[in-house]
Amino acid sequence: MPQTDLLKTDCSKCSALCCIALAFDKGDDFAFDKNPGEPCPNLSAHKCTIHDKLSQEGFSGCVAYDCLGAGNRVVQEVFAGRSWQKDPRLTRPMMEAFAGMREVHKRIDMLRAAETFPLSPREHQTRREFLDRLEQHHWSGAELNDFEVGLGLEIDIFFHGIRKYAPIDL
Ligand code: SF4
């Protein structure tokens, strides 16, 4: 059975985590201010009520945003399909897990991009091992909360060492 790419965003398997977790400021990309943790007023259940006319309504920032599959992975893998809307006690842990998973998926994207760098055999092996760990691990909320100060930091140090091959925006 073909496997879906982990970095492919599937909003139908998410619970609109970006529409509650992320903050934005009124300006060219968003028509009003929104605080983190505040459900967007344009949200109805898990759907955006202005999805088909986001740009016309002043939300080109939403069109441009891509969580790289972090939202659907958090909802399905960490919370077994549950939603903060049905169980408001999940709101904070789901937002925290979403923040952690975005960092995981950002590094998967960067590790994949590093495949084209002229790495040494040892660096290639390290890159592959990090990628396997990030892609195959079944993450818990607690592990995601610790990611940036643990494995995420180890990967960032690795990126720092291979920056000589190409610029990496950490
Ligand atoms: S405008 Fe729509 S896509 Fe953007 S945050 Fe609000 S509900 Fe989500």
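Among the trypsin sites (Lys or Arg not before Pro) found in the range 61-160, those both in a DSSP coil and sparsely packed, with 16 or fewer other Cβ atoms within 10 Å of their Cβ, are Arg82, Lys86. In this Cβ point-charge picture (+1 for Lys and Arg, -1 for Asp and Glu), the range 48-161 has a dipole of about 220 debye about its Cα centre. Overall size of the range 10-59 from C-alpha positions, given as principal axis extents largest first: 30, 24, 17 Å. Each principal axis of the chain carries a Cα extent, and these read 51, 35, 35 Å when sorted largest first. With the gyration tensor restricted to C-alpha atoms of the range 70-138, the semi-axes of the equivalent ellipsoid amount to 32, 10, 8 Å, longest first. Under 18 Å of direct C-alpha separation, and excluding same-chain neighbours fewer than eight residues apart, Lys8 reaches these lysines: Lys106.
Rule-based calculations on the coordinates, nothing more; no lab input. Everything numeric in this text was worked out from a predicted model, so none of it was measured. Note: ideal-geometry Cβ built from the backbone for every residue, glycine included; neighbour counts use all protein chains shown.
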